[in-house]
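Structure record follows, encoded as structure tokens.
Throughout, read-outs are computed from the coordinates displayed, never taken from laboratory work. Quick caveat: nothing in here was measured; it's all calculated off a predicted structure. No Cβ is skipped: glycine too gets one built from the backbone with ideal geometry, and neighbour counts run over all protein chains shown.
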Amino acid sequence: MRVIVIGGGAAGFFAAIACASVSPETEVVLLEAGRQPLTKVRISGGGRCNVTHHCFDPALLVQAYPRGEKALRGAFTRFQPQNTVNWFEQRGVSLKTEADGRIFPVTDNSETIINCLLQEAQRCGVHWKTGARVEGVSYDNHQFFVKLKSGECLNSDRVLLATGSQRRPYQWLTQFGHNIIPLVPSLFTFNIQDERIENLAGITVNQAEVQLETQGKHKYRQTGDVLITHWGLSGPAILKLSAFAARILHDHGYQMGLFINWLPSHNMETVKEQLLAQKNQTPRRQIMNHSPVSIPKRLWQNLATVAGVSAAQRWAELSKKQMKILAKELVQGKFQIEGKSTFKDEFVTCGGVDLKEINFQTMESKLVPGLYFAGEILDIDGITGGFNFQNAWTTGWLAGQAMGR
Ligand SMILES: Cc1cc2nc3c(=O)[nH]c(=O)nc-3n(C[C@H](O)[C@H](O)[C@H](O)COP(=O)(O)OP(=O)(O)OC[C@H]3O[C@@H](n4cnc5c(N)ncnc54)[C@H](O)[C@@H]3O)c2cc1C
């Protein structure tokens with residue numbers, strides 16, 4: 001039997017290795033268009049490769065996937081981050097978990113992961129070719145015909161598509177009758193020009209709540225650290241929001257209102273009480289230098305300035321109107337998103353092959369027997385933190401096992 005894997009990224013290699021391991025008599029051929037395999041692994045996680053995430057409970061793990069949550073639930077009971085960790089460690093790669101749960105090779109070098117995958121592919125007898133761009137796939141009488149740009153045509157009994165978010169392969173799939181959910185970017189930062197965050201680049205506000213202004217019932221809301229940048233806002237809360245709201249943000253041309261509560265344990269009433277208490281307790285102190293709330297001092301000063309507080313103004317002089325504006329800025333500040341920027345450490349595409357048309361026991365197409373999928377080509381994407389590679393490992397492993405059987 002011959003299996004052709006199209007795409008030499010994380011999902012393609014993992015699937016090819018799984019297939020060749022479970023079925024040594026199967027000829028596994030992997031075709032990669034680029035001159036190098038595993039290029040995204042190389043640049044991933046700022047060159048360190050965030051392999052997976054320290055979350056070993058499938059029910060919790062799926063919550064990190066804005067798309068794919070339901071379909072991955074069962075898949076993760078079969079291959080999940082604990083299996084990923086074991087897989088790499090059994091092959092000599094030591095991994096470490098950082099405080100936020102992200103797992104990296106101890107070398108802090110993505111080459112460690114690449115070398116492991118290439119060595120394992122070689123050991124299992126996977127034949128991989130680089131510079132082998134596939135131009136089309138057709139199917140006739142239980143055989144697949146894979147046409148390369150070079151003019152060569154290879155036949156096989158099974159084909160795995162692991163081409164990531166490249167557009168061309170989706171055209172072949174529509175010819176097979178597959179539905180493709182439109183592709184839009186996920187995991188990005190927000191462009192915001194606003195005096196309240198001006199000159200604060202580099203400051204992180206711990207555990208703020210961010211919420212998109214929407215008319216609909218769905219509330220796009222996230223809590224986490226927010227990083228102020230030269231061009232707007234980033235950090236875990238913003239990246240999560242960009243992932244869960246990827247489609248609505250796209251549909252609005254990345255122009256939407258954003259509410260920020262810099263103090264999520266407070267609301268308008270409680271924060272006003274706190275400001276009033278400060279006014280009563282320290283009337284002679286300067287407002288700018290004596291904040292009663294735990295946000296970075298320079299942010300406090302910017303918010304107070306917007307509320308009309310002057311540099312030398314004392315707490316006793318804080319007017320009712322100023323107090324109201326300040327309270328609102330602290331817990332309900334409204335900002336305007338005016339575009340997006342790439343988060344360089346990780347980005348993915350939302351959309352892809354419709355999950356309804358795939359058997360998640362095997363990753364086989366329900367429409368074309370013998371056609372399999374793994375990785376980002378699917379309508380699955382995760383938040384930042386190693387979840388996107390975990391999708392590649394899990395779906396690649398399931399597909400590889402099934403193809404080899
Ligand atoms: C800068 C960056 C950093 C990232 N960092 C992380 C991280 O640290 N942790 C994490 O979990 N996720 C990270 N991600 C996301 C992660 O890289 C992807 O989710 C993952 O690589 C998807 O794997 P894949 O194998 O499905 O697709 P890809 O890695 O995109 O691989 C697809 C392969 O198919 C090949 N191909 C496409 N079309 C053809 C064709 N016609 N013929 C032959 N070959 C073809 C492509 O050349 C490519 O090599 C990062 C993404 C980026 C862009």
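Okay, here's what the table says:
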{"item": "Total charge dipole magnitude, the stretch 99-236, about the Cα centre, Cβ charges on Lys, Arg, Asp, Glu only, Debye to nearest 20", "result": "580"}
{"item": "Cα-Cα over 24 Å, subset of Lys219/Lys356; Lys129/Lys356; Lys40/Lys219; Lys129/Lys366; Lys70/Lys340; Lys279/Lys321", "result": "Lys219/Lys356; Lys129/Lys356; Lys40/Lys219; Lys129/Lys366; Lys70/Lys340"}
{"item": "Simple label model, 7 Å out from Cα along Cβ direction - Asn109 to Met268, nm", "result": "5.7"}
{"item": "DSSP beta bridge pairing in the chain, given as percent antiparallel to the nearest 5", "result": "75"}
{"item": "Nitroxide proxy distance, nm - points 7 Å out along Cα→Cβ at Ala316 and Gln193", "result": "4.2"}
{"item": "Rounded D (µm²/s) - the stretch 163-213, Kirkwood Rh over Cα pairs, Stokes-Einstein at 20 °C, 1.002 mPa s", "result": "138"}
{"item": "Contact order relative to length of the stretch 330-405, as percent, for alpha carbon pairs under 8 angstrom and 6 or more apart", "result": "28"}
{"item": "Karplus 3J(HN,Hα) series, Hz, for the stretch 367-381 with 6.51 cos²θ - 1.76 cosθ + 1.60 (x for Gly, Pro)", "result": "9, 10, x, x, 9, 10, 9, 7, x, 6, 4, 7, 7, 9, 8"}
{"item": "Residue-by-residue Karplus 3J(HN,Hα) for the stretch 298-315, coefficients 6.51, -1.76, 1.60, Hz, glycine and proline x", "result": "5, 5, 3, 5, 5, 5, 5, 4, 4, 7, x, 6, 8, 4, 9, 4, 9, 4"}
{"item": "Which of Leu154, Leu367 has the fewest Cβ neighbours within 10 Å, and the rest in rising order", "result": "Leu367, Leu154"}
{"item": "Surrounding net charge for Gly45, when Lys and Arg each add one and Asp and Glu each subtract one, Cβ distance under 10 Å", "result": "-1"}
{"item": "Built amide H within the under 5 Å cut-off of Gly339, gap 5+", "result": "Asn191, Met256"}
{"item": "Charge dipole of the stretch 199-292 about the Cα centre (unit charges at C-beta), most positive-ward option of Trp262, Ala277, Ala245", "result": "Ala277"}
{"item": "Fewest-first ranking of Val62, Val159, using other Cβ atoms within 10 Å as the exposure measure", "result": "Val62, Val159"}
{"item": "Helical mean residue ellipticity (222 nm; -39500 (n - 2.57) per DSSP H run of 4+; nearest 500) of the chain", "result": "-10500 deg cm²/dmol"}
{"item": "Pairs of Cα atoms farther than 19 Å apart, the stretch 188-342, %", "result": "52"}
{"item": "Choice from Leu61, Leu318, Leu378 with maximal GNM fluctuation in the chain (Cα, 10 Å cutoff)", "result": "Leu318"}
{"item": "Cα gyration tensor, the stretch 7-87 - rounded (a/c under 1.5), prolate or oblate", "result": "oblate"}
{"item": "Net charge, Phe144 excluded, C-beta distance under 10 Å - Lys, Arg +1, Asp, Glu -1", "result": "0"}
{"item": "Ascending count of other beta-carbon atoms within 10 Å, so fewest first, for Arg42, Arg67, Arg48", "result": "Arg42, Arg48, Arg67"}
{"item": "Assigned charges on the beta-carbon of Lys, Arg, Asp, Glu; the stretch 250-405 dipole about Cα centre (debye)", "result": "1320"}
{"item": "Net charge of neighbours whose Cβ lies under 11 Å from the Cβ of Glu357, counting Lys and Arg as +1 and Asp and Glu as -1", "result": "-1"}
{"item": "Sites matching GluC sites (Glu not before Pro) across the stretch 1-66 that sit in DSSP coil, with at most 11 neighbouring C-beta atoms within 10 Å", "result": "Glu25"}
{"item": "Relative contact order, percent, the stretch 188-342 [alpha-carbon distance under 8 Å, six or more residues apart]", "result": "32"}
{"item": "Residue-wise HN-Hα coupling along the stretch 223-231, computed from phi with Karplus coefficients 6.51, -1.76, 1.60 (Hz; x: Gly, Pro)", "result": "10, x, 5, 10, 9, 8, 10, 5, 10"}
{"item": "The stretch 296-366: Rg to Rh, with Rh as the Kirkwood radius over Cα pairs", "result": "1.42"}
{"item": "The stretch 9-34 versus the stretch 49-75: alpha-carbon centroid distance in Å", "result": "23"}
{"item": "Amide H contacts of Glu135 (H built 1.01 Å from N, under 5 Å, at least 5 apart or other chain)", "result": "Lys147, Leu148, Lys149"}
{"item": "Alpha-carbon centroids, the stretch 262-339 and the stretch 140-161: separation in whole Å", "result": "66"}
